[in-house]
Amino acid sequence: MKVFLTGASGYIGGTVAAKLLAAGHQITGLARDEERAELLRAREITPVIGTLDDFDVLDGSARAADAVIHAADSDNSSAARVLIDALRGSGKRYIQTSGATIVSDNAGGEGGGAVFTEDTPFDPLPEKAERVATDRMICDAASDGVHSVVICPSLVYGQGLGIRPHSPQIPTFIEVAKAAGVPRHIGRGENIWSHVHIEDCADAFLLALDRAPAGSFFFVEGGEASMIDTNRAVGRMLGLGDTTEVWPLADALRAWPPAMAHAMSSNVRVNADKARAMLGWTPTGPALFDDIEHGSYRVYR
């Protein structure tokens, strides 16, 4: 199958690309410049130069492909609509990458929070409303001749298989702990995040490409952990012990982009039983704490 992939040089997209190639698919990947294009060529990905704002490039590349996977900016509703419009009436497969922060609750580090399935009704925070609307638009395109699917990962961790080795969250926690001499969590750190290993996440995309019904939406998670326990694992990896320190949200907002500070102090809890049942998806990657303490994150010590 010829697959057009946005985000091919990114963390999720790069790992999806590696898995697609291993399965025998051909990939055309969006590259913002010639430097990125050369990196893709080295990985046997055919580059097409452009950005998510180059609508003609997106349209032409989508039409020329057998399937499209949009693994770049999940909040770029315009790019998603261009890709969907290019496929209307074709019956081709389209996979949109979303993110589980759509169920964020701005808890400020307090614990609890509901566990969401795909059928749980919720009112998104205002800053997540556009992403939710985009996800719904993608699913609704199934009624207009697009075999559309949304994959919604939780916190993705582990060693990626593409150009970008890690997502920003855990390395940022490590950076904060090294700078302060103690791991820090926003507020009490009792808020809970679901999480999934990067290779398990990518496997869900390949299974969805093959098995997902048109118009379907899937959360992807392999477990969950509180932010205080996650940062304790960071501390153990760095040789700092289990002691952690409260980081006031106001301080985190000055140090981090507001979206990250609010997300990392929220409860983001989802259930992936639907992906397990309908796609036959079974996460097998290393557990989060093991990967932090003994696996791929030790390069940041």
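Being surrounded by 17 or more Cβ atoms within 10 Å (Cβ to Cβ), under 21 Å from Val150 (Cα atoms) and free of Cβ contacts under 8 Å to residues at least 60 places away in the same chain is the requirement here; does Leu5 meet it? Taking the combined requirement at face value, the residue does not satisfy it.
If you go through the stretch 13-35 and pick out every residue that is assigned to a helix (DSSP H, G or I), over 19 Å from His197 (Cβ atoms) and either among the hydrophobic types (A, V, I, L, M, F, W, C) or touching a residue at least 40 places away in the same chain (Cβ under 8 Å) (or both), you end up with 1. The set of residues in the stretch 287-301 that are farther than 15 Å from Pro165 by Cβ and surrounded by 15 or more Cβ atoms within 10 Å (Cβ to Cβ) comprises Ala287, Leu288, Phe289, Glu293. If only residues of the stretch 36-59 that are of a type in the set (Asp, Glu) and part of a loop (DSSP other than H, G, I, E, B) are counted, the one that is nearest to Gln159 (Cα to Cα) is Glu44. When the stretch 147-185 is limited to residues that are among the aliphatic types (A, V, I, L, M) and closer than 22 Å to Asp75 by Cβ, the one that is surrounded by the most Cβ atoms within 10 Å (Cβ to Cβ) turns out to be Ile151.
Residues considered: Asp119, Asp203, Asp140. Of these, the only one that is charged (D, E, K, R) and either over 21 Å from the mean Cα position of the chain (by Cα) or closer than 30 Å to Ala250 by Cα (or both) is Asp140. Starting from the stretch 94-117, take each residue that is in contact (Cβ under 8 Å) with a residue 24 or more places away in the chain and surrounded by 23 or more Cβ atoms within 10 Å (Cβ to Cβ) and list its partners that are among the basic types (Lys, Arg) and not in a helix (DSSP H, G or I), counting only C-beta distances under 8 angstrom and pairs at least six apart or across chains. Qualifying pairs under 8 Å: Val103/Arg269; Gly109/Arg188.
Residues that are closer than 8 Å to Met237 by Cα and hydrophobic (A, V, I, L, M, F, W, C) within the stretch 285-301 comprise just one, Ile292. For the list (1) surrounded by fewer than 22 Cβ atoms within 10 Å (Cβ to Cβ); (2) touching a helix residue (DSSP H, G or I) at 6+ places or on another chain (Cβ under 9 Å); (3) under 27 Å from Phe116 (Cα atoms), I need the number of the one condition that Asn267 fails. Single failed check for Asn267: (1). Of the listed requirements (1) at pLDDT below 95; (2) crowded, with 22+ Cβ neighbours inside 10 Å; (3) not polar (S, T, N, Q), Asp73 misses just one: (2).
The values are calculated or read from the model by the stated rules, or taken from the named source; none is laboratory data. Remember, it's a predicted structure, so these values are computed and weren't measured experimentally. In this analysis, Cβ positions are derived from the backbone assuming ideal geometry, glycine residues included, and neighbour counts consider all displayed protein chains.
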